[in-house]
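Scroll down for the structure; my scribbles are underneath it.
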Amino acid sequence: MSRSSLDMTPLCAHTQNAILRILRDEFIVGQPLLARNALAKRCGTSRTTIHRVLADLVTAGLLKNTDGVLSLQRNPADEDFLPEPENLSRVDEVEGRIMEKLAAGGLRPGMQFSELELAREFGVTTVTIREALLRLVRLGAFKKPARKQWQVVRIDRRMLDELMDLRVLHETYGMERCFRDLTTHRPFFRKQLDDTKALASSPQPDGQLFLALDDEFHRQIIIRSGNRYLIEGFEFVSFLIRLQFFQQHLPAIASMRAVNEHVGMLEAIVAGDLPAALSRLRLHLDAARDILHTLQEERA
């Protein structure tokens, strides 16, 4: 099961493993899950983290989403569990909480804040806050100009175009690599096609479910290239784009047009038609760029 940069924090690994232990020990296949509030209380984390982990488990096929009700679709396997430290350090905990605050929109693009503000909010020292923020600078989410406060990075049009150019280069290369061993990769894409077609036929498509499918589709293209540098670059690019746009603009991004574009790409892949798959991938990424440009202009 792959994870995004946001989800690779020790806190999220702890949360996923805690949920998996609950599912393994207390649930049978087909049984509905506990409410998110109850899971958050039992795992000792926020609903934001619970929501993200559950979305990943749906994408991995461990959970099933039926009209918003989650149920266990298969029993957890050893490979579903993530590596994690036995005990979270204070900095690990704070890093996870900062990422949750980002994902929940508590820290928005362009917002300035001080180490002291976060230290008071989280009940830790400014030294701990500073260490956690310095770890997260590598994701490109924060910057700190000399003698000024910390700031959440705001993507301008040029930066957005550069990030999308990277996505096109990375994903077209990844797609070509996938086709070198399509027999191995085809079952994943066939399942993605079935799930996306089911979503497209729904009277009210689940936007969150589509974004989970979309994220897994694009990430798996890169992961199946086998190039660790491409994987790291993809995580950097996708994290920044999602941070900037996905929280406030879900309906525009998870549109039926995007769902149908995915169906077309997946049909070409399953059919073994590389030229068509590449053409539809480029058109899909170009359409995504146009949507993000529009959202950027509206925000300005």
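Here are the numbers:
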item: Leading residue by the ranking (farthest from Glu298 (Cα to Cα)) among those in region 143-158 that are under 23 Å from the mean Cα position of the chain (by Cα) and surrounded by 16 or more Cβ atoms within 10 Å (Cβ to Cβ); result: Gln151
item: Counted residues, region 6-57 - those being crowded, with 20+ Cβ neighbours inside 10 Å, out of contact with any Ser or Thr (no Cβ under 8 Å at 6 or more places or on another chain) and modelled with pLDDT under 75; result: 3
item: Looking only at region 95-108, and only at residues there that are open to solvent by 20 Å² or more (accessible area, probe 1.4 Å) and of a type outside the set (Asp, Glu), the one that is modelled with the lowest pLDDT; result: Ala104
item: Members of region 198-222 found to be buried (at least 16 other Cβ atoms within 10 Å of the Cβ) and farther than 21 Å from Leu54 by Cα, listed by number; result: Ile221, Ile222
item: Residues of region 113-137 classified as touching a residue at least 40 places away in the same chain (Cβ under 8 Å), over 20 Å from the mean Cα position of the chain (by Cα) and open to solvent by 30 Å² or more (accessible area, probe 1.4 Å), total; result: 1
item: Looking only at region 223-244, and only at residues there that are assigned to a helix (DSSP H, G or I) and hydroxyl-bearing (Ser, Thr, Tyr), the one that is nearest to Pro109 (Cα to Cα); result: Ser238
item: Scan of region 119-133 for residues that are of a type in the set (Val, Ile, Thr), in a helix (DSSP H, G or I) and either in contact with a Lys or Arg (Cβ under 9 Å, 6 or more places away or on another chain) or under 11 Å from Arg97 (Cβ atoms) (or both), ordered by number; result: Thr128, Ile129
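The values are calculated or read from the model by the stated rules, or taken from the named source; none is laboratory data. Keep in mind the model is a prediction, meaning the values are calculated, not measured. Counting neighbours? That spans all protein chains shown, and the Cβs are built from the backbone with ideal geometry, glycine included. Side chains are part of the model used for accessible areas, which takes the heavy atoms of the whole protein and leaves out ligands, DNA and RNA. Shrake-Rupley method; radii C 1.70, N 1.55, O 1.52, S 1.80 Å.
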